[in-house]
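Working notes, structure below.
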Amino acid sequence: MEGSIVEALAGLSSIGKGLAYGLAAIGPGIGIGIVGGKALEAMARQPEMAGQIQTTMFIAIAFTEALALLGFVLTFLI
Amino acid sequence: MNPLDLLPGKIEELVHELSVLPYNDMHATGPVTEPFVLTNYVVWGIVSLVVVIALFVAVANREKKQMRLALETGEATALAPAGRLAGVMEAGVEFIRDMATDVIGEKDGPKYVPLLGTFFFMIVLSNFIGLIPGGKAWGGAFGGAVALAGISWIVFVFVGFAKNGAFGYLRSLVPSGVREMALPARIGLGGFIFLLEFVSTFLVRPLTLSVRLFANLYAGHVILGVFAAFVSLFFPFVESQLGWSAGGVGVGAVSLVFLVLMYAFELFVAFIQAYVFTILTAVYIQSSVHASEH
């Protein structure tokens, strides 16, 4: 009886780990999509600004990605 | 025998292969825990540093020699790159210099080109070494990524305090608009924003910088390893003694194609991660240099 509870708890913690990263990745996934799409739009409108837009895009992606990375770290902490 | 039964063993082998081990004892059980052990990651990290230094010293010497020769003979080749390798390296250095002046500014940027250049070339080379079977990427071990992010952290915190003074740097964490509000809002809202900005500047920045590099490289290596394991398990007569079967050959062939595609993608990731690490360091330095302006 006790053994099965321990096993169940281990299983639940694995599910929690999966959920922690999975849920943390949803928002940044959408966010990076928006950043990339808008950057593409801007580059199509003004190709001469492509270099600068790309630099800014990478910076914005890095900040958006930070949230997913926090979830990734949390996965190991649970 | 079902090849999938062998897969867990393969994954275990893969994780062991990617863990931090003494460089001369690949069969050690478990990762190294005691300090001051020459590990496989340290050895390959030193290799990538030495290669970067050797490349730059060699090219710089050739450029100097050509410059002197051109000045003596009066030929117009003084500013041309000395050979094909020098051309590539010059393009790389120019790339870093443009990044520094674009992000940090015309005046303060050039001072940080050596730091950013060392970061970029060391990380990109060590990432490529990590893609050679047997080689290890310095950022592929979490400690290595933390060390790189730690250097970046020390630099931008030091620059922030040196340029703005201890009080000025901490004060600049709160936006100027909030600082000019009436007293209760200034303390309440200002204190809240200060706490948020403090955590995000001093804790989250180095954390994300190191985790980004580590997670991308580690995940990439695991994906390559899993596809390689699938190829060796499913192709008949390689490892599982599967014998001829259409399914085995099919899965093996698809895995092989994906392995090659993912390898190409990892080459791209190796470059992109070095670029992102460098440009984020530049952005953080910029926010420290110009802290008093916002």
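Since every read-out is calculated from the coordinates, none of them should be taken as a lab result. These numbers come from a predicted model, not from an experiment. For neighbour counting, all protein chains shown are included, and Cβ atoms are generated from backbone atoms with ideal geometry for every residue, glycine included.
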Average beta-carbon neighbours from other chains, 10 Å sphere, peptide B:100-106: 1
Counting C-alpha atoms alone, how compact is the protein assembly as shown: give Rg to one decimal and Dmax as a whole number, in angstrom. 24.8, 92
Most fluctuating of B:Val47, B:Val199, B:Val174 in the GNM of chain B (C-alpha, under 10 Å) is B:Val199
Using only Cα atoms, locate the centre of region B:173-231 and the centre of region B:134-167, then give the distance between them in Å, rounded to an integer. 14
Calculate, for A:Leu23 and B:Ile223, the FRET efficiency according to 1/(1 + (r/R0)^6) with r their C-beta to C-beta distance and R0 25 Å; round to the nearest 0.05. 0.70
Over 27 Å, how big is the tail of the calculated P(r) for region B:3-293, in percent of all Cα pairs? 57
Quick one: order B:Thr101, B:Thr201, B:Thr29 by neighbouring beta-carbon count within 10 Å, fewest to most. B:Thr29, B:Thr101, B:Thr201
Can you give me the long-range amide H partners of B:Thr39? Hydrogens built in the peptide plane at 1.01 Å from N, cutoff under 5 Å, separation of 5 or more residues or another chain. B:Tyr23
To make sure I understand the rule: partners must be lysines, Cα under 16 Å from the Cα of B:Lys10, and not fewer than 8 residues away in the same chain. Which ones qualify? none
Identify, among B:Ser176, B:Ser200, B:Leu125, the residue whose Cα sits farthest towards the positive end of the charge dipole of region B:3-293, taking +1 on the Cβ of Lys and Arg and -1 on the Cβ of Asp and Glu, with the dipole about the Cα centre. B:Ser176
Grab the DSSP H runs of chain B that are 4 residues or longer, score each as -39,500 (n - 2.57), total them, divide by all residues and round the 222 nm result to the nearest 500 deg cm²/dmol. -25500 deg cm²/dmol
